[in-house]
1. What whole-number distance in Å separates the alpha-carbon centres of segment B:189-235 and segment B:103-124?
2. What does the structure give for A:42-49 when I average, per residue, the other chain Cβ atoms found within 10 Å of the residue Cβ?
3. If you take each beta carbon of peptide B:232-242 and count the beta carbons of other chains within 10 angstrom, what is the mean?
4. Within 10 Å of each Cβ in A:268-279, how many Cβ atoms from other chains are there, averaged over the peptide?
5. Using the Cα atoms of the protein assembly as shown, I'd like the radius of gyration and the largest Cα-Cα distance, Dmax, both in angstrom.
6. Let's test the formula: R0 of 22 Å, r as the Cβ-Cβ distance of residue B:254 and residue B:60. What FRET efficiency results, to the nearest 0.05?
7. Taking H as built 1.01 Å from N, whose amide H comes closer than 5 Å to the amide H of residue B:215, not counting residues under 5 places away?
8. So for B:193, B:158, fewest C-beta neighbours within 10 Å to most, what's the order?
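Every number in this text was worked out from the coordinates using simple rules, so none of it is lab data. Just so it is clear, the structure is predicted and the values come from calculations on it, not from any experiment. Methodologically, a virtual Cβ is constructed for each residue, glycine included, from the backbone with ideal geometry; neighbour enumeration extends over all protein chains shown.
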Number of protein chains: 2
Amino acid sequence: MAVSPNSTQGESRRVHVREVGPRDGFQNEPETVPTAEKIRLIDALGRAGFKRIEVASFVRADVIPQLADGVEVLHGINVPEDVDRMVLVPNSKGLDNALRERAYFEEAAVFVSASQTHNKRNINRTVEETMADVRTMAPRILAEDLKLCAVVATSFGCPFEGKVQMERVLDLAEQFAEAGATEIGFGDTTGMCNPAYASRFFAAALERLPGVEVTAHFHNTRGQGLANAYAALEAGCTSFESSFGELGGCPVPAGSTGNIATEDLVSMFEEMGVDTGLDLGKVIEAAREAQATLGRKLTSHSIVAGPVIWAPSV
Amino acid sequence: MAVSPNSTQGESRRVHVREVGPRDGFQNEPETVPTAEKIRLIDALGRAGFKRIEVASFVRADVIPQLADGVEVLHGINVPEDVDRMVLVPNSKGLDNALRERAYFEEAAVFVSASQTHNKRNINRTVEETMADVRTMAPRILAEDLKLCAVVATSFGCPFEGKVQMERVLDLAEQFAEAGATEIGFGDTTGMCNPAYASRFFAAALERLPGVEVTAHFHNTRGQGLANAYAALEAGCTSFESSFGELGGCPVPAGSTGNIATEDLVSMFEEMGVDTGLDLGKVIEAAREAQATLGRKLTSHSIVAGPVIWAPSV
């Protein structure tokens, strides 16, 4: 494929894209994806060039049976040495279980919702209880020489409470940073962000969190996911999360799509001349494999259209 | 619905959105939409607040049978007085037929592809032949006190030729302007644009075409349609075209979506605090009616998710 003639020459910007489909995506599948299929798809993602993949969650198996095979997945996958495998740890009990598998991952993600109601409904604790547990978990994670990543969910709006103040979100982020998080992600859990706000938010977050990697996690609930990602990029954000095949995310309102599709995000960045370090063709191939495995039509665009082909065909 | 707390206060930008679904969308339906249904849906769009609607095309009925009922549609619709009804006129013969219905529309759209190969395959003429015919049609259109709108298709890339030079596109636009066009649209016919290029292109187009309304017509082929629209807006563009339900557009590559969905575009603008003059709820309702009429699941996002609701529900 020829280089896009529409790319931004001379800027040579570089971004990180974490693939979250194996956790965030598979968690939301109505039928549990077989362990062997999960392993096969994660290995395909590794071959596509991802250096960050969220692979498992140490949640209770009775709460999220779709991810009950997390340990088998960690043991079974075979990704390149330089891939950082992320696991989600919802609480100290989850961390106990995760640390038994310390050899199998490099990044631990903790999270809270900026909205009190969403946090309560999601994990049945107050925001303050969650943050107190984070302060307990953080030194244990850091002591194991793991990267501590933190996520603030409902950063751009809550389906229950509506408005979420930017100040509240950035205050939680600062608490995470003080606890030792070196990467903080901001999640648009139910797709309520818009690009004007994304621009202002990420400019403010980057200013408020020096030395911290600031990550954008947008959803495509109302089709604006890539517009928000572009706005965040222009505001200086260089770290993104997305899900191959547009899998997963929070289906609120019911039936709506969640995460932005990795292959659409990567297609946009690469066409802009922003280097993702990924092989777009292989990312699309992995998403098509997921589609075949799941046996239903996924909602990603590039999975159908393929990459832009710039070489003349006549 | 409460005003978005994420909107851009104090900017109070205003944009125009032309609804092109009744022409560009229905043209691409495999089964011809019954005339009465077309009329019912266009009237619903009128009630949603659109001031610009593309309602018909004066193409040969044997070439595009889906639009053979253009005259009946023009006669049957009942939209508010201040709505500008646009018809597409592909050539002088089409204009002959259109002008017999002069009382039933306010805007005539002529078009050319920036790419020679695409123009030839689309309308079986060279770009030069098309532009010569435009120069014949233009005074006839202007003499009827109609607004002359012109469209440059494949402005951001051609599926056959690949790269399309910005200079070539803007030169064609200047030719249109010299012929009397007061609005010129730039079409991303097969979804090859990216937001970095959209930003540069619309900044250049606005500078090169003083006094001309510059319109962005993006496709969502690779999911980047709204990102491109946001980039064009930020570059100063205030006129957009889109299609309710994400209907229509050019399905190249096969199976891919075409136009951006009007309700997703309007949702983005309104959440940003950019005034569209439209009732988003009614736009979504019209798209849902189209979905029911066509009997298949449409690909728009807001049709499923609905508008962002900011009022707290707890």
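1. So the separation of the two Cα centres works out to 19 Å.
2. 0
3. Numbers: counts 0, 3, 6, 0, 0, 0, 0, 0, 0, 0, 0.
Neighbouring Cβ atoms belonging to other protein chains average 1 per residue here.
4. Values: counts 8, 3, 1, 9, 9, 3, 2, 0, 0, 0, 0, 0.
Whole-number average of other-chain Cβ neighbours for A:268-279 is 3.
5. Expressed in Å, the Cα Rg and Dmax of the protein assembly as shown come to 25.1, 81.
6. Values: r = 24 Å, r/R0 = 1.10.
According to the calculation, E is roughly 0.35.
7. B:184, B:185, B:186
8. Fewest to most other Cβ atoms nearby, the residues stand as B:158, B:193.
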